[in-house]
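Following: one structure in C-alpha cells, then a few remarks.
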Amino acid sequence: MAPDPCDDGPSGAEELEREWAEWNPGVPLRILQTEYSSVVAPIIALIDGLREPNDKQIVVLIPVVIPER
C-alpha cells in the first residue's frame, strides 16, 4: 500500500507528546486543542476542573511563537 500523500507524519502535538514521554519530567502533559482566539477560557476551565478534587499546585506553560515577519 502506498503512503498517503496527505499524511505529513506526526502532528506537532504528537511530536511534543513523544518528546515529553522521552524526557519524562515526572509531571503529566495535557494538550488543549482550542480555536485560535479562544485560549484563556479553555485553560481556566481545565485548571478549575483539576483543582476541584485537591489543592495541588498547577503549572501552565504556554508557548509563544513570534514570526520573523
Worksheet item: Relative to the first principal axis of the alpha-carbon coordinates of the chain, what is the inclination of helix 12-23, with its axis defined by its Cα atoms, in degrees from 0 to 90 and to the nearest 10?
Response: 70
Discussion item. Positive end of the dipole of the chain, charges at C-beta (+1 Lys, Arg; -1 Asp, Glu), about the Cα centre: which of 50, 66, 29 has its Cα farthest in that direction?
Written reply: 50
Practice prompt. Would you kindly derive the ³J(HN,Hα) couplings of region 42-53 from the backbone phi angles with the Karplus curve 6.51 cos²θ - 1.76 cosθ + 1.60 (θ = phi - 60°), listing them in order in whole Hz, with x for Gly and Pro?
Written response: x, 5, 5, 4, 4, 4, 4, x, 6, 7, 4, x
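Since every read-out is calculated from the coordinates, none of them should be taken as a lab result. Values in this document were obtained by computation on a predicted structure and should not be read as measured data. Using ideal geometry, Cβ is built from the backbone for each residue, glycine included, and neighbour counts are taken over all protein chains shown.
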